[in-house]
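Q: I have a structure I would like to understand better, so I am pasting it below and will then ask my questions one at a time.
Read-outs throughout are calculated quantities, based only on the coordinates presented, and are distinct from any laboratory measurement. Values in this document were obtained by computation on a predicted structure and should not be read as measured data. All Cβ positions, even for glycine, are placed from backbone atoms using ideal geometry, and neighbour counts span all protein chains on display.
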Amino acid sequence: MLFKIAWRNIWRSRTRSLVVIGAIAIGVWAVIFLISFSSGMVTSYINNAIENEISHIQIHHPDFIEDEEVKYFIENPENLISDIQMVDGVKAATLRSISNGMLSTSKGGGRGIRIKAIDPISEALVTHLDEKIKEGKYFGESRSKSILISTSLSEKMKAKVRSKLVLTFQDVNGNITALGFRVAGLFQTGNNAYDLNTVFVKREDLNPNLGDEKLTHEVAIVVNVPQNVEIVQSDIKDLYPNLLTENYKELSPEIELFQSQIKLSALIFTVIVMLGLIFGIINTMLMAVLERIREFGMLMAIGMNKVRVFWMVVLETVLLGMVAAPIGLAIGWFSVVYFSTRGIDLSNYSRGMREIGFSPIIYPNIESDFYWWLTLAVAVTAILGSLYPAFKAIKLRPVEALRKL
């Protein structure tokens, strides 16, 4: 009976009730969209970092990470890569030789650079570097030594496709070596800081000048299921306990920080919006109570006790939330589904976003569990927002209330 009365009461002032329902629905949608957008941005940064820079897992000589000296290389890399590819959960793996050196051109001067010598076929499986070529081509069949530089670096160094560059670096014995390369193609990964400081050459071109044709400093691995990366890492550690095997969270702690911040951001957004809704609900329901003082006085005069009056006001507010929450959740869900496939194009800001490693197209995403938590938050908000107006209603004295106009 109380439910029926409360339901009829909220529609007695249709405009006011629709305003409250609309405010709650928009608030719910706003929370879902903001959190899904933030999650999409973080995901784009993490995916870019994993694909272009660190992969899911990397293997090094234990001393290589500290100074990245050429002399700290991995022994028997062919056996290592064969064993890794047999590990359950590994999708692809590639060998790399790494050296820090100087890049020079006749027009652009010199610049410190990180040289990555790769196997083109396996590297493409791990980082899809071949898909990031913007001009020229991926390593081809040219007899000359080829190099890939970024579009950003080409502007800095005043170089273009077919330009001749010189790399100067140290070999395993500490001897300085200079080697000429021709630009085969210009790439762009989406992270300008990385692009400006990295070039790619073939291992077969660089390794003989480093001191060993099979020289390997790094093994980069991607897994089939990212959630199982620690399991795969553990299996590799069991096979090669003397090597340093690290996953992307250990290699780049900020990635784990960003992942943990998603939940904190969701909590902050939810609390801010819900606080705004609480004040809106209190204001609306308090107006409704003050307009119905004579009605409450009559109800209490004919025998409705204060407890039932209190719960009637609370129930009216909760019903408003129950009507509004599904609307907001539905709009939010459709928004996420729509933009998660089409993306939100931020190309106008892409230059700034590339500086910090974000993709110019953001694909919002959100965990399904969050919808349930948000529904609970709306229910709690509605209950808290109804308490003051409900207390105000039960403080009325029937005789005095009946005298009110």
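Q: Give me a comma-separated list of calculated 3J(HN,Hα) values for segment 33-44, in order, Karplus coefficients 6.51, -1.76, 1.60 applied at θ = phi - 60°, integers in Hz, x for any Gly or Pro.
A: 5, 4, 5, 5, 5, 4, 5, x, 5, 5, 4, 5
Q: Also, I was wondering about something else. Show me the three semi-axes of the equivalent ellipsoid for the chain, from the C-alpha gyration tensor (sqrt of 5 times each eigenvalue), largest first, rounded to whole Å. Please report the intermediate quantities before stating the final value.
A: Values: eigenvalues 856, 95, 46 Å².
The equivalent ellipsoid of the chain has semi-axes of 65, 22, 15 Å.
Q: Neighbour counts of other C-beta atoms within 10 Å: give me 307, 323 arranged from fewest to most.
A: 307, 323
Q: Here is a further query. Rank the residues 277, 286, 239 as a footprinting-exposure proxy: fewest other Cβ atoms within 10 Å of their Cβ go first.
A: Least crowded to most crowded, the residues run 239, 286, 277.
Q: Please compute the net charge surrounding residue 373, taking Lys and Arg as +1 and Asp and Glu as -1 over other residues with Cβ under 12 Å from its Cβ.
A: Working: positive: 263; negative: 367, 369.
Residues close to residue 373 contribute a combined charge of -1.
Q: What does the charge count near residue 69 come to, summing +1 for each Lys or Arg and -1 for each Asp or Glu among other residues with Cβ under 14 Å from its Cβ?
A: Computed value for this residue: -4.
Q: Compute the projected area of the convex hull of the Cα atoms of segment 62-242, averaged over all viewing directions, and report it in nm² to one decimal place.
A: Hull-based average projected area comes out at 10.5 nm².
Q: If you don't mind, there's one more thing I want to ask. Could you list, in their original order, any pairs among 132/158; 91/263; 164/202; 202/237 whose Cα atoms are separated by more than 24 Å? Provide the component values of the computation, followed by the final result.
A: Working: 132/158 20 Å; 91/263 29 Å; 164/202 16 Å; 202/237 28 Å.
Those over the limit are 91/263; 202/237.
Q: Here is a follow-up. Using the Karplus equation 6.51 cos²θ - 1.76 cosθ + 1.60 (θ = phi - 60°), what ³J(HN,Hα) coupling, rounded to whole Hz, does each residue of segment 79-91 give in order, writing x for Gly and Pro?
A: 5, 4, 5, 5, 5, 5, 5, 8, 5, 5, x, 7, 8
Q: Considering only DSSP beta bridges with both partners in segment 62-242, what is the antiparallel share in %, to the nearest 5?
A: Bridges in segment 62-242 that DSSP calls antiparallel: roughly 75 percent.
Q: Let me ask something additional. Could you compute the net charge surrounding residue 213? Neighbours are other residues with a C-beta less than 10 Å from the C-beta of residue 213; K and R count +1, D and E count -1.
A: Local charge sum for residue 213: 0.
Q: Let me ask something else about it. From the backbone phi of segment 273-280, what are the Karplus-calculated ³J(HN,Hα) couplings (6.51 cos²θ - 1.76 cosθ + 1.60, θ = phi - 60°) in whole Hz, Gly and Pro given as x?
A: 5, 5, 4, x, 5, 4, 5, x
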